[in-house]
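I have placed the structure first, in the form of structure tokens, so that the comments after it can refer back to it.
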Amino acid sequence: MSNYANVKFLTSAARVGQLVADTGREVAFAGRSNAGKSTAINAVTGRSGLARVSRTPGRTQLINFFELAPDRRLVDLPGYGFAKVPDVVRDRWHELMREYFARRESLIGLLLIVDARRGLGDLDRAMLEWAQGGDRRAHVLLSKADKLGRQEAIRVLRATQAECAGAGIGAQLFSAHARQGVDEAREVLSQWLEGGV
């Protein structure tokens, strides 16, 4: 059962001036365009239609805000990587995200969605470095873990944990389809939003 029964969409922002008020605490979700970010948001909140899921990578082109409770938000960031979009749109995404991470004081953590079959890529590593500016937390959800055999999934998890440990970044296996790791991800999110570590 989700702790987020009252979660609701607030607004979408195409530029910094459209962001919601920078108060309270918020946790952002980010990932490659085909990593399963929207599906992860829906699984963690227990709301199947909250974030738009598409078979076309790169559909999330805005920063989308969802309210969990007063001054507690989830933020769905634009996907990166494989999206088939014009360079000018990709540049706009990059600038928007750069400004968001640089200025956003209410941003306390990042849940990075990484396809377990691919592992961390250079863009994912860059996102983690970006997110950790300002003493923010980060945690990796290795999505689609059900598509790997048990031994391979464990190998990917251990490799990711080893790479992230020095930076204090957590990592876990996750599968929205198999309901794997959903409760663990919720626990991380709840600790951050409630002011814990």
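Out of curiosity, is Asp146 of a type in the set (D, E, K, R) and either farther than 30 Å from Arg90 by Cβ or over 18 Å from the mean Cα position of the chain (by Cα) (or both)?
yes
From Arg104, Arg73, which residue is farther than 22 Å from Gly36 by Cα, touching a residue at least 40 places away in the same chain (Cβ under 8 Å) and surrounded by 14 or more Cβ atoms within 10 Å (Cβ to Cβ)?
Within the list Arg104, Arg73, the selection yields Arg104.
Which residue out of Ala176, Ala171 is surrounded by 19 or more Cβ atoms within 10 Å (Cβ to Cβ), of a type outside the set (S, T, N, Q) and modelled with pLDDT under 95? Break it down stepwise before answering.
Working: Ala171 fails: modelled with pLDDT under 95.
That would be Ala176, the only listed residue that is surrounded by 19 or more Cβ atoms within 10 Å (Cβ to Cβ), of a type outside the set (S, T, N, Q) and modelled with pLDDT under 95.
From Val89, Val188, Val197, which residue is modelled with pLDDT of 95 or more and either over 22 Å from Leu62 (Cα atoms) or not small (Gly, Ala, Ser) (or both)?
Val188
Just wondering, is there one or more residues in region 111-123 that are over 21 Å from Glu163 (Cβ atoms), in contact with a Lys or Arg (Cβ under 9 Å, 6 or more places away or on another chain) and of a type outside the set (Asp, Glu)?
no
Gly109: in a loop (DSSP other than H, G, I, E, B) and under 14 Å from Ala28 (Cα atoms), yes or no?
When the stated conditions are applied, Gly109 does not pass them.
Every residue, every condition in (1) outside any helix (DSSP H, G or I); (2) in contact with a Leu (Cβ under 7 Å, 6 or more places away or on another chain), yes or no:
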| site | (1), (2) |
| --- | --- |
| Ala138 | yes, yes |
| Leu141 | yes, yes |
| Gln151 | no, no |
| Ala171 | yes, yes |
| Trp192 | no, no |
| Gly195 | yes, no |
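Does Ala176 meet the test of being in contact (Cβ under 8 Å) with a residue 60 or more places away in the chain, of a type in the set (A, V, I, L, M) and touching a helix residue (DSSP H, G or I) at 6+ places or on another chain (Cβ under 7 Å)?
In short, yes.
Select from region 176-187 the residues that are over 19 Å from Met127 (Cβ atoms), within 14 Å of the chain's Cα centre (by Cα) and among the small types (Gly, Ala, Ser) and list them in ascending order.
Of everything in region 176-187, just one residue is over 19 Å from Met127 (Cβ atoms), within 14 Å of the chain's Cα centre (by Cα) and among the small types (Gly, Ala, Ser), namely Ala176.
Identify, from the list Ser33, Ser2, Ser48, Ser54, the residue that is out of contact with any Ser or Thr (no Cβ under 7 Å at 6 or more places or on another chain), at pLDDT below 90, under 18 Å from Gly181 (Cβ atoms) and not aliphatic (A, V, I, L, M).
Exactly one residue qualifies, and that residue is Ser48.
Taking region 112-136, which residues are without any contact (Cβ under 8 Å) to a residue 40 or more places away in the chain, in contact with a Phe, Trp or Tyr (Cβ under 8 Å, 6 or more places away or on another chain) and outside any loop (DSSP other than H, G, I, E, B)?
Trp130
The values are calculated or read from the model by the stated rules, or taken from the named source; none is laboratory data. Since the model is a prediction, treat every value here as computed from it, not as a measurement. Cβ: placed from backbone, ideal geometry, glycine included. Neighbour counts: every protein chain shown.
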